[in-house]
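Participant: This structure is in structure tokens; I'll ask about it shortly.
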Amino acid sequence: MGLKEDLESKPPCHPRACAIQDCLTKNNYNEAKCSHLIDALYECCDAFYQKYGDSATSASCPKANLLRLKMKQRRDERNK
């Protein structure tokens, strides 16, 4: 599914969260092998907060301020 469909799922971004769980299970919980899916979830959650505001909630997304911190940390780590 695309970002629009994942935003409209119940709860929002849930398909991306499930994809991470499936990936972790298949890869013996090696997070490095699922990093691209974590980025995809964060992309969806960021779009969710942009659309509905920082006070919105989804069981699949961290709180808006934590999401932004995690996204920054991941960007910084890639740019080392």
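Participant: Hey, among the residues in region 23-33 that are part of a helix (DSSP H, G or I) and open to solvent by 40 Å² or more (accessible area, probe 1.4 Å), which one's farthest from Phe48 (Cα to Cα)?
Facilitator: Step by step, filter region 23-33, then rank; the result is Lys26.
Participant: Continuing with this model, one more query. Take the conditions crowded, with 18+ Cβ neighbours inside 10 Å, among the β-branched types (Val, Ile, Thr) and out of contact with any Leu (no Cβ under 9 Å at 6 or more places or on another chain) and apply them to Ile20. Does it pass?
Facilitator: In short, no.
Participant: Is one or more of the residues making up region 58-78 in contact with a helix residue (DSSP H, G or I) (Cβ under 9 Å, 6 or more places away or on another chain), among the hydroxyl-bearing types (Ser, Thr, Tyr) and modelled with pLDDT of 95 or more?
Facilitator: Taking every residue of region 58-78 in turn, at least one turns out to be in contact with a helix residue (DSSP H, G or I) (Cβ under 9 Å, 6 or more places away or on another chain), among the hydroxyl-bearing types (Ser, Thr, Tyr) and modelled with pLDDT of 95 or more.
Participant: Of all residues in region 1-17, how many are modelled with pLDDT of 95 or more, open to solvent by 50 Å² or more (accessible area, probe 1.4 Å) and either under 15 Å from Met71 (Cα atoms) or in contact with a Cys (Cβ under 7 Å, 6 or more places away or on another chain) (or both)?
Facilitator: Of the residues in that region, 0 qualify.
Participant: Within the set of pairs 6+ apart or on separate chains, which have a first residue in region 56-80 that is open to solvent by 100 Å² or more (accessible area, probe 1.4 Å), a second that is among the β-branched types (Val, Ile, Thr) and not in a helix (DSSP H, G or I), and C-beta atoms under 9 Å apart?
Facilitator: Correct list of pairs: Lys63/Thr57.
Participant: Kindly provide the set of residues from region 39-55 that are surrounded by 16 or more Cβ atoms within 10 Å (Cβ to Cβ) and not hydrophobic (A, V, I, L, M, F, W, C), ordered by number.
Facilitator: Tyr42, Asp46, Tyr49
The values are calculated or read from the model by the stated rules, or taken from the named source; none is laboratory data. Since the model is a prediction, treat every value here as computed from it, not as a measurement. Because the Cβ atoms are built from the backbone with ideal geometry, glycine has one as well, and the counts that use them run over all protein chains shown. Note: accessible area is taken over every heavy atom of the protein model, side chains too, but ligands, DNA and RNA are not part of it. Shrake-Rupley method; radii C 1.70, N 1.55, O 1.52, S 1.80 Å.
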